[in-house]
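The values are calculated or read from the model by the stated rules, or taken from the named source; none is laboratory data. It should be emphasised that the depicted structure is a prediction, and the values quoted were computed from it without experimental measurement. Every residue, glycine as well, gets a Cβ built from its backbone with ideal geometry; the counts of neighbours run over all protein chains shown. Only protein heavy atoms, including side chains, enter the accessible area calculation; ligands, DNA and RNA are left aside. Shrake-Rupley method; radii C 1.70, N 1.55, O 1.52, S 1.80 Å.
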Amino acid sequence: MAKATKSFEESVGRLEEIVRTLENGMATLDESLKLYEEGIALVRLCNEKLDSAEKKIKVLTERSDGEVEEKELDGENE
């Protein structure tokens, strides 16, 4: 199964390996099911990491007076 300590890039790399293995059709049914389960866990991990990163992103917007204002992604000012 996916380890919570894997980086986003490692998780995506492993997902790509799983997809290639499943697409080549050489895995047994049991192996395919295990790979599928691992893939689902990795997708969840990646989504959590993306959600966390999205919360940290700040958007810089220029006000009408030309000043740059830093805002949270959801539009709330700091």
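Please name all residue pairs, on different chains or six or more residues apart, with Cβ atoms under 6 Å, provided the first residue is in the stretch 43-71 and is of a type in the set (D, E, K, R) and the second residue is at pLDDT below 70 and part of a loop (DSSP other than H, G, I, E, B). Final answer for the pair search is Glu69/Arg63. The criterion of being modelled with pLDDT of 95 or more and of a type in the set (Val, Ile, Thr) holds for Val19. Residues that are part of a loop (DSSP other than H, G, I, E, B) and either open to solvent by less than 100 Å² (accessible area, probe 1.4 Å) or under 23 Å from Ala53 (Cβ atoms) (or both) within the stretch 1-40 comprise Met1, Ala2, Lys3, Ala4, Thr5, Lys6, Ser7, Gly25, Ala27, Thr28, listed in sequence order. For Ser52, the criteria (1) at pLDDT below 95; (2) in a helix (DSSP H, G or I); (3) open to solvent by 60 Å² or more (accessible area, probe 1.4 Å) hold in every case but one, which is (3).
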